[in-house]
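One structure is given here, and the rest of the page talks about it.
Please treat every number below as a calculation from the coordinates, not as lab data. The model shown is predicted, which means the values in this text are computed figures rather than measured ones. Positions of Cβ are backbone-derived with ideal geometry, glycine not excepted, and every protein chain shown enters the neighbour counts.
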Amino acid sequence: MGILEQPYIDAGYKILWAYLGFLFLGFVSSMFIARYFTKSIISPIKKLIEGTEAIAKGEFKGIDVITHDEIGELANAFNDMDAKLQNTMADLISSRNEIEAIFESISDVASAQDMDMKITFANRLAKDMYGDDIIGQFCYNVYEGKSEVCDDCPATSLLETGGVVRTIHSKYDNEGVQSHIETTGSPLKDEQGNISGMVMIRRDVTEQKTLENELRVSYVNLETAYEELKQLDKMKSELVANISHEIRTPLTSIRGYTELMLDGTLGQTTNQQLKGMKVVLRNVDRLTRMISNVLDLSKFDQQERVVKEVGLKEIIKHAVDDFENEIPYKSIGITVDVSDNLILECDADALEQVFINLLGNAIKFTDKGGSVSIQAYYEDEHHIHIEVIDTGVGIPEDKFELVFDRFYQIDASSTRKYGGTGLGLAITKKIVEWHKGTIWVRNNPNGSSGSVFHIILPRKHN
Ligand code: ADP
């Protein structure tokens, strides 16, 4: 083989240099291409990866990618998602704060527990009472000091019913003191509506229970006492009715014989004797009236009533006649200003008793020489207004209501001037109200003293 000639060698070098030149150019341009790829594709992807990692840590603050390709769109979607996520997180935090605040404001022991009966959340009161470390512990262990689920566990019935449960159970402390705990349990549900835990609110209701028991015992005692009282009242009413009847019968006989003596049927009597007999008659009448009231009050509700249309004047006249001995004795002027056309439906006997009582009081509480009058007029188309007016001792304003109470007497002392039982106005009011009427008393406006008893009665009974 011969030695290469110089021109061939030069040409070879040229080719080599040209090749090296191309190689260098290729290297430089691939450097630029690589840089371009890194900047426009790999870097945004890296930012996306960093972004997802930040979201996972809850620290994401947005991805700064300004490209208009798919990666740019992906970054924008990431940023949108982040904004929504942050709003959702804010809502969740505020709801959680609200729930915590509600829990804390409950003045009972409140806690949440999972399906394994482990406490997951507890309010301050629960922690103060059972310790700060109760989270994660079994509820039966914390609250009941037991190592397994209680027999009457409210959580068990909550799981059975799926709704709110309320139970009361007793427990004993180390000293054997019993207390009563009311537990209200409400289910906590997941997004599918399945029970995932429960909230339990425990309240010590020992005091309330004790009071309830005491109340129950008192109620039973009261009921027994009431039954006994009712029985006694019945016996008393029967006794009063019997005695009244037994007294009335001889009184009728005393009255009859006294009248026979007064009109001379039983022979001549001296003036002195006549005077004495009038006193007997007056007192017999008073006693009869008193007995009527006692009898009426004890038997009022059982008495049969006959309602018919009667002239008021006739009833009042009968009542006034009852005092034929009393009126001259006390020399009291009595006037009846009632027109004949005042007709009403009533039990005439009962209404007569009303006027006997009012007239009896008016005469009794009016000194000798005083006056008593009865007036009646139509109050309106359907009602009659009656006034019994006296010029007697009067009634203090603060006693206007009280005088209608059973046994009430303004002067109830044993040394009182006026006799009586304190029953007359009570029975009077009862009779008036039975007729659907009203009765009240005021001062006599026309005299220096005295009272006016007002009665308003309906003309028709029904
Ligand atoms: P009593 O049998 O005592 O009269 P009442 O029930 O009829 O019982 O009256 C109750 C009380 O009302 C009387 O004791 C008396 O104090 C007072 N009272 C009743 N009517 C009059 C009256 N017209 N004037 C003054 N006081 C009267």
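Averaging the Cα positions of each part gives two centres, and for the stretch 10-81 and the stretch 378-426 these lie 114 Å apart. FRET efficiency for the ARG255 to VAL217 pair, using the beta carbon distance and R₀ = 41 Å, is estimated at 0.15. Relative to a virtual label point 7 Å from the Cα of VAL307 in the Cα→beta-carbon direction, which members of the stretch 332-367 show backbone nitrogen distances below 15 Å? Label zone hits: 344-351. Over the C-alpha atoms of the stretch 391-461, the Rg to Rh ratio, Rh being the Kirkwood estimate, stands at 1.01.
Seen against the Cα atoms of the chain and their longest principal axis, helix 70-105 is set at about 30 degrees.
Could you pull out every one of the lysines with an alpha carbon less than 16 Å from that of LYS61, ignoring same-chain neighbours closer than 8 positions? In chain and number order, the partners are LYS46, LYS47, LYS84.
Taking 0.36 nm per residue of separation and subtracting the Cα-Cα distance, full extension of the segment from GLU345 to MET115 would add 75.0 nm.
Once you reduce the stretch 163-178 and the stretch 273-292 to the center of their Cα atoms, the two points are 74 Å from each other. Against the chain, whose longest principal axis is taken from its Cα atoms, helix 348-364 shows a tilt of about 80°.
Counting 0.36 nm for each residue step from ILE33 to ASN443 and taking away their Cα separation leaves a gain of 135.5 nm. Ordering 181-190, 405-414 by mean Cβ neighbour count within 10 Å, with the highest value first, yields 181-190, 405-414. In the chain, the longest principal axis of the Cα atoms and the axis of helix 43-57 are about 30 degrees apart. The ILE135 and PHE300 beta-carbon pair, evaluated with R₀ = 60 Å, returns a calculated FRET efficiency of approximately 0.25. Extending 7 Å from Cα along the Cβ direction at LYS317 and again at GLU238 yields two label points whose distance is 4.3 nm. Per-residue ellipticity at 222 nm from helix content only, as computed over the chain with -39500 (n - 2.57) for each DSSP H run of at least four residues, stands at -17500 deg cm²/dmol. Taking one quarter of the surface of the C-alpha convex hull of the stretch 106-204 gives a mean projected area of 6.4 nm². Report note on the peptides 228-235, 244-251, 167-174, 431-438: ranked by the mean count of other C-beta atoms within 10 Å, highest first, their order is 431-438, 244-251, 167-174, 228-235.
Rounded to the nearest 20, the size of the Cβ-charge dipole of the stretch 3-97 about its Cα centre is 200 debye, with Lys and Arg at +1 and Asp and Glu at -1. Put simply, the Cα atoms of the chain extend 207, 60, 39 Å along their principal axes, the longest span coming first. With r as the distance between the Cβ atoms of LYS146 and ARG96 and R0 = 35 Å, compute the FRET efficiency 1/(1 + (r/R0)^6) and round to 0.05. The calculated FRET efficiency here is 0.65.
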